[in-house]
Amino acid sequence: MIKRENAAPDTEAVSIQWFPGHMTRTKRQMEKCIRLVDAVAEIVDARVPVSSRNPVLHQLIQGKPRVILLNKSDMADPEQTKRWLQVYKKQGIPAIAVDCRSGRGLNGFVPLVREVLRDRIAAWEQKGMVGRTIRVMVVGIPNVGKSSLINRLCKGGKAAVADRPGVTRDNRWFPIGKGFELLDTPGVLWPKFEDKVVGEHLAFTGAVRDEVVDTERLASRLLEALLPVYARAVCERYRLDEAAVAGKRGDELLEEIGKNRGMLMAGGVVNTERAAAAVLDEFRSARLGKITLERAET
Ligand code: G4P
């Protein structure tokens with residue numbers, strides 16, 4: 001339980017304990033594999049399009065044509081998703097919104113890759129390489145939906161380990177129809193965890209395991225982050241008075257939510273741990289509504 005009566009609002013982001021992992025190894029693996037593909041498909045979480053990107057991907061892909069898949073769009077604010085697509089368009093990166101769990105939007109994937117490779121495909125055709133296989137590397141931070149994308153697109157779900165130079169057990173190819181193959185990210189592409197806001201946003205979405213964070217503080221911080229834009233959704237779901245929530249601290253809101261839900265312990269004390277678990281779970285499953293935490297500036 002958190003007790004911070006009369007305390008000033010806690011503006012410090014929740015610290016995430018994390019381990020940088022093997023970025024050096026990933027970098028080496030990426031350098032090897034990038035030569036084997038024609039384009040890169042970067043998967044981004046539509047709820048946190050900034051935090052869910054690897055900060056050095058740009059260097060790692062060494063100028064390969066790239067497309068962006070704004071995934072988990074079923075849980076993101078549709079208005080914001082539209083705006084993010086405009087942002088990528090302005091940056092010259094073809095992008096689509098998808099839901100790799102249901103498959104919604106994925107029929108736009110192959111045309112999107114063809115669009116980014118249009119000139120190359122024309123050049124291959126001029127050289128007589130009509131129908132040359134297009135190879136795409138799927139990249140993204142852990143939990144962003146890479147396996148879901150591959151499973152959805154690769155009907156048989158089987159990896160084809162082709163007899164081809166540079167192909168090892170670490171780089172598995174997935175055929176997704178005639179003349180099109182996907183390669184899973186070699187290694188782990190970490191997000192920019194050293195940035196506290198990034199760590200916190202990824203913890204909100206569940207991309208960081210809850211064992212490594214203080215969930216009550218995390219839920220309090222989430223409520224504070226949601227109020228400026230999504231007060232109505234929060235108040236409706238948790239039966240809070242919309243006129244009275246402005247300026248309240250997250251821990252106070254959590255207490256009210258626990259009370260409203262009847263989450264009480266002996267002596268009538270509110271079980272804020274349970275309230276925190278409920279808030280996090282309902283945000284992560286979009287029962288709180290379609291929410292985007294990082295807003296596009298167009
Ligand atoms: P990864 O390979 O990049 O690590 O991610 P993965 O596909 O394993 O997806 C991580 C979690 O995100 C999975 O949930 C998956 O179902 C979910 N997910 C992926 N894409 C979408 C999407 O577009 N919308 C929604 N709502 N969820 C998505 P999980 O709970 O870990 O597994 P499961 O319960 O679905 O089996």
Restrict the check to the stretch 184-199 and report whether at least one residue is closer than 17 Å to LEU106 by Cβ and either assigned to a strand (DSSP E or B) or modelled with pLDDT of 80 or more (or both).
-> yes
Within the stretch 276-298, can you find the residues that are of a type in the set (Val, Ile, Thr) and within 14 Å of the ligand (Cβ to nearest atom)?
-> ILE291, THR292
Mind checking which pairs have a first residue in the stretch 230-251 that is within 18 Å of GLY262 (Cβ to Cβ) and a second that is open to solvent by 80 Å² or more (accessible area, probe 1.4 Å) and of a type in the set (Gly, Ala, Ser), Cβ under 6 Å, 6 or more apart or different chains?
-> none
A careful count of residues in the stretch 250-298 that are more than 26 Å from the chain's Cα centre (by Cα), open to solvent by 20 Å² or more (accessible area, probe 1.4 Å) and under 15 Å from TYR238 (Cβ atoms) gives 8
Any chance ARG152 is open to solvent by 30 Å² or more (accessible area, probe 1.4 Å), in contact with a helix residue (DSSP H, G or I) (Cβ under 7 Å, 6 or more places away or on another chain) and assigned to a loop (DSSP other than H, G, I, E, B) | no
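Would you please name the residue that is nearest to the ligand (Cβ to nearest atom), looking only at residues in the stretch 77-106 that are part of a loop (DSSP other than H, G, I, E, B) and open to solvent by 70 Å² or more (accessible area, probe 1.4 Å)?
By that ranking, first place goes to ARG101.
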Are any residues in the stretch 30-43 within 16 Å of the ligand (Cβ to nearest atom) and either in a helix (DSSP H, G or I) or modelled with pLDDT under 85 (or both), and if so, which ones?
-> MET30
With the stretch 203-288 as the region, which helices (runs of 4 or more DSSP H) entirely inside it contain at least 2 residues that are farther than 28 Å from PRO142 by Cα and in contact with a Ser or Thr (Cβ under 9 Å, 6 or more places away or on another chain)?
-> 250-260
Selection within the stretch 107-142 - farther than 27 Å from PRO191 by Cβ and open to solvent by less than 20 Å² (accessible area, probe 1.4 Å) | LEU117, ILE134
Does PHE109 satisfy the criteria of being at pLDDT 95 or above, closer than 19 Å to ILE43 by Cβ and within 15 Å of the ligand (Cβ to nearest atom)?
-> yes
Taking the stretch 52-69 only, how many residues are within 20 Å of VAL197 (Cβ to Cβ), open to solvent by less than 20 Å² (accessible area, probe 1.4 Å) and more than 8 Å from the chain's Cα centre (by Cα)?
-> 2
Are any residues in the stretch 180-217 small (Gly, Ala, Ser) and open to solvent by 20 Å² or more (accessible area, probe 1.4 Å), and if so, which ones?
-> GLY187, GLY206, ALA207
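The values are calculated or read from the model by the stated rules, or taken from the named source; none is laboratory data. All figures in this text were calculated on a predicted structure; none of them were measured in a lab. Every residue, glycine among them, receives a Cβ derived from its backbone with ideal geometry; neighbour counts consider all protein chains shown. We work out accessible area using only protein heavy atoms, side chains counted, and drop any ligands, DNA or RNA first. Shrake-Rupley method; radii C 1.70, N 1.55, O 1.52, S 1.80 Å.
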